[in-house]
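Chemist: For reference, the structure I am asking about is given below.
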Amino acid sequence: MGLDDDQRHAIEELFRDMLYPLSAYANNALHNYSLAEDAVQETFRIACTKAYILLSSPNRKGWLLITLKNVIKNIIRSRTYLNSIVVSSVDFNENIISVGEDRLDVDFLYSDLIDVAEYKLLKRIALDKYSVLEAAQELGISVEACKKRIQRAKKSLKNQLKDKLE
């Protein structure tokens, strides 16, 4: 269900008023501009899907801040979980693995699912921990263009994985 003109106008006004304060708050909480930007975008995505609730709130800015705080908690929780997986895999005693057992080869598993350039970009961001700025500089493109490429690559990989699992 789309937004009507009044809802769209009200949310656009909130976006203009709150973009900087929400971005600053998210950046302070996450210590990562790219993650902060994602958190604010997710907050406004939620605002659009729950426009009726937001716009009936007596404190719309407070509603957005509480939603952002919840988004940030989810991001931190998710990153903590992923970091624990990485740490446990680093701490894993390789002597336990029997000789002849295969190691997980990410390139072998995923590189043929999407375009090679998309795969390399996702690998840079996800595994090599490049920032979007670093990846954009490496590719010689703008940060916004790099973000769009990452977004398309993620979507493409997700769709391919979904198709493979079905």
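The values are calculated or read from the model by the stated rules, or taken from the named source; none is laboratory data. These numbers were taken from a predicted model, which means no experiment stands behind them. Don't worry about glycine lacking a Cβ; one is built from the backbone with ideal geometry, like all the others, and counts go over all protein chains shown. With ligands, DNA and RNA removed, areas are computed over all heavy atoms of the protein, side chains included. Shrake-Rupley method; radii C 1.70, N 1.55, O 1.52, S 1.80 Å.
Chemist: With every protein chain in place, what's the accessible area of Arg149 (1.4 Å probe, Å², nearest 10)?
Modeler: Near enough 100 Å² of accessible area.
Chemist: A further question on this structure: Residue separation times 0.36 nm, minus the C-alpha to C-alpha distance between Ala117 and Tyr20: what's the value? Intermediate values should be presented prior to the final figure.
Modeler: On the way: separation 97, 0.36 × 97 = 34.92 nm, distance 3.34 nm.
Going from the current span to full extension adds 31.6 nm.
Chemist: Just report the Cα centroid separation between region 123-158 and region 17-80, whole Å.
Modeler: That distance is 22 Å.
Chemist: In the full protein assembly as shown, how much of Asp4 is accessible to a 1.4 Å probe, in Å² to the nearest 10?
Modeler: Accessible surface of Asp4 is approximately 80 Å².
Chemist: Put a dot 7 Å past each Cα toward the Cβ at Lys148 and Leu55; how far apart are the dots in nm?
Modeler: About 2.9 nm, to one decimal.
Chemist: Ok, one more. Peptides 75-81, 132-138: what's the order by average Cβ count within 10 Å, highest mean first?
Modeler: 132-138, 75-81
Chemist: Taking 0.36 nm per residue of sequence separation and subtracting the Cα-Cα distance, how much length would be gained by fully extending the chain between Lys158 and Asp128, in nm to one decimal?
Modeler: Result: 8.8 nm gained on full extension.
Chemist: Just the accessible area for Leu127, please: 1.4 Å probe, Å², rounded to the nearest 10?
Modeler: 90
Chemist: Is there a pair in Lys50/Lys129; Lys50/Lys147; Lys50/Lys155 whose C-alpha atoms are over 28 Å apart, and which pairs would that be?
Modeler: Lys50/Lys129
Chemist: Between Arg77 and Glu37, what length in nm is gained on full extension when 0.36 nm per residue of separation is reduced by their alpha carbon distance?
Modeler: Gain on stretching Arg77 to Glu37: 12.7 nm.
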